[in-house]
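Q: For reference, the structure I am asking about is given below.
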Amino acid sequence: MKGIGFMKVLITGASSGIGREISLLLTDKYDEFVLVGRNNERLEETKKQLLEKKNTLNIKVVSTDLTKDENCIALYNDNKDVDLLINDAGFGDFGFFAETDLAKDISMINTNIKALHILTKLYIKDMVEKNSGHILNIASIAGFFPGPLMSTYYATKAYVIRLCEGIREELRRKKSKVKLSILCPGPVKTNFEKEANVKFNFNGVDSKYIARYTVKHLNRFYIVPQFKVKCARLLSKLFSNKKCAKFVYGFQSQRKK
Ligand SMILES: NC(=O)c1ccc[n+]([C@@H]2O[C@H](COP(=O)([O-])OP(=O)(O)OC[C@H]3O[C@@H](n4cnc5c(N)ncnc54)[C@H](OP(=O)(O)O)[C@@H]3O)[C@@H](O)[C@H]2O)c1
């Protein structure tokens, strides 16, 4: 149970990349952190970095595999009263759909979609009841496009965007004060490339920049860092899905490692 006036954030994917960098920028407003990922050592490193910024923080590290429903549910049951939920955990995979590994696809769907869905559902119920709270779901610019050569990954991010767009309207109709945001970055320099077997053909942006932009614009629904990524989003509105798929294939095919 947190103390009165204390603000609590739970962040999945806190062991590296965008998740770690965002958590490091929340020390002014949040006193309690729940850092979630599978790699305990890297989570402890995030904890250490947070404590170096502010040594009075109350930090809990939860090493768990979010591909399993029961782990997501246990995470919620053990960590209630969250003011800000950040669903950041996720990864991609590169290759022809007919050739990539089914087990990796399923693990990706379980992480990028199912875990995010379960946690959003469980926490939003409490937030709606309290009429306060904020959920930040990490999507991607990929979610606005069909994604040949990363079809499963793009589809998982489209799910995140569509889910949140629906919930946003429901919250508006209820005049709820609960806030929802989706972060839609372009390529970012993290462990993502290694996990997905891709090489970004134009330099990925620094995850520290993405984190700064995100925290600064947390009051927005769509958080789309970088002018060129905003332009890409506009393209997805101007051109047919068929044309977009051809365009995406063109640049994805140069990303093979
Ligand atoms: N990098 C990009 O270009 C880019 C662009 C747009 C969107 N995104 C999205 O940004 C988010 C963060 O990715 P990133 O770029 O920061 O890559 P990253 O450095 O590889 O971080 C991924 C995080 O997800 C966690 N994770 C993965 N599978 C998990 C599982 N089964 N259970 C628990 N935690 C799990 C990882 O923790 P453990 O390894 O400790 O489990 C890690 O902390 C992802 O949703 C990604 O799709 C990335």
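Q: Would you be able to say whether some residue in segment 119-137 is at pLDDT 95 or above, among the hydrophobic types (A, V, I, L, M, F, W, C) and outside any helix (DSSP H, G or I)?
A: Keep residues of segment 119-137 that are at pLDDT 95 or above, which gives 119-137.
Narrowing further to those that are among the hydrophobic types (A, V, I, L, M, F, W, C): 119, 122, 124, 127-128, 135-136.
Within this subset, residues satisfying the condition of being outside any helix (DSSP H, G or I) are 135-136.
Yes: segment 119-137 contains one or more residues that are at pLDDT 95 or above, among the hydrophobic types (A, V, I, L, M, F, W, C) and outside any helix (DSSP H, G or I).
Q: Which residues, taken from segment 58-68, are assigned to a loop (DSSP other than H, G, I, E, B) and not β-branched (Val, Ile, Thr)?
A: Matches in segment 58-68: Asp65, Leu66, Lys68.
Q: Name the single residue, out of those in segment 69-78 being touching a residue at least 40 places away in the same chain (Cβ under 8 Å) and either part of a strand (DSSP E or B) or within 21 Å of Tyr30 (Cβ to Cβ) (or both), that is nearest to the ligand (Cβ to nearest atom).
A: Ranking the qualifying residues of segment 69-78, first place goes to Leu75.
Q: I've got another one for you. Please go through (1) within 15 Å of the ligand (Cβ to nearest atom); (2) part of a loop (DSSP other than H, G, I, E, B); (3) among the acidic types (Asp, Glu) for Asp81 and return the number of the only condition it doesn't satisfy.
A: (1)
Q: Still on this structure: Determine the pairs where a residue that is in contact (Cβ under 8 Å) with a residue 12 or more places away in the chain and closer than 20 Å to Met150 by Cα, located within segment 226-250, has a partner that is assigned to a helix (DSSP H, G or I) and of a type in the set (S, T, N, Q) with Cβ atoms under 6 Å apart, the partner being 6 or more residues away or on another chain.
A: Cys244/Ser236
Q: State whether the residues of segment 94-105 include one that is within 23 Å of Phe33 (Cβ to Cβ) and of a type outside the set (Val, Ile, Thr). Please lay out each step first, then the result.
A: First, the residues of segment 94-105 that are within 23 Å of Phe33 (Cβ to Cβ): none.
Checking segment 94-105: not a single residue is within 23 Å of Phe33 (Cβ to Cβ) and of a type outside the set (Val, Ile, Thr).
Q: Please identify the pairs in which a residue from segment 29-40 that is touching a residue at least 60 places away in the same chain (Cβ under 8 Å) and within 17 Å of Val215 (Cα to Cα) has its Cβ atom under 6 Å from the Cβ atom of a residue that is near the ligand (Cβ under 9 Å from one of its atoms) and assigned to a loop (DSSP other than H, G, I, E, B), counting only partners at least 6 apart or on another chain.
A: none
Residue-wise test of (1) modelled with pLDDT under 95; (2) under 15 Å from the mean Cα position of the chain (by Cα); (3) assigned to a loop (DSSP other than H, G, I, E, B).
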site	(1), (2), (3)
Ala142	no, yes, no
Leu149	no, no, yes
Ala158	no, yes, no
Arg172	no, no, no
Leu180	no, yes, no
Glu195	yes, no, no
Phe202	yes, no, yes
Arg233	no, no, no
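Q: Here is a follow-up. What are the residues in segment 139-196 that are of a type in the set (S, T, N, Q) and more than 7 Å from the ligand (Cβ to nearest atom), if any?
A: Ser151, Thr152, Thr156, Ser176, Ser181
Q: Take the residues of segment 1-57 that are of a type in the set (Gly, Ala, Ser) and part of a helix (DSSP H, G or I): which is nearest to the ligand (Cβ to nearest atom)?
A: So, considering only residues that are of a type in the set (Gly, Ala, Ser) and part of a helix (DSSP H, G or I), the one nearest to the ligand (Cβ to nearest atom) is Gly17.
Q: Same structure, new question: I'm checking my understanding of the structure. Among residues of segment 85-105 that are touching a residue at least 12 places away in the same chain (Cβ under 8 Å) and surrounded by fewer than 16 Cβ atoms within 10 Å (Cβ to Cβ), which one is farthest from the ligand (Cβ to nearest atom)? Let's see the steps before the verdict.
A: Going through segment 85-105, the residues touching a residue at least 12 places away in the same chain (Cβ under 8 Å) turn out to be 85-97, 100, 105.
Those left that are additionally surrounded by fewer than 16 Cβ atoms within 10 Å (Cβ to Cβ): 96-97.
Values: Phe96: 20, Phe97: 18 Å.
By that ranking, first place goes to Phe96.
Q: A follow-up question, please. Given the structure, is Ser181 within 30 Å of Ser132 (Cβ to Cβ) and in contact with a Leu (Cβ under 6 Å, 6 or more places away or on another chain)?
A: yes
Q: Could you list, ordered by first residue, the pairs with Cβ atoms under 6 Å in which the first is in segment 44-68 and within 21 Å of Thr111 (Cβ to Cβ) and touching a residue at least 12 places away in the same chain (Cβ under 8 Å) and the second is of a type outside the set (D, E, K, R) and assigned to a loop (DSSP other than H, G, I, E, B), at least 6 apart or interchain?
A: Going by the 6 Å Cβ cut-off, the qualifying pairs are Thr46/Ala14; Leu66/Ala89.
Q: Among Val188, Val229, Val198, which is the only one that is out of contact with any strand residue (DSSP E or B) (no Cβ under 7 Å at 6 or more places or on another chain) and under 23 Å from Cys164 (Cα atoms)?
A: Unique residue meeting the criteria: Val229.
The values are calculated or read from the model by the stated rules, or taken from the named source; none is laboratory data. Owing to the predicted nature of the structure, the values given are computational and were not obtained by experimental measurement. Virtual Cβ from ideal backbone geometry, glycine too; neighbours counted across all protein chains shown.
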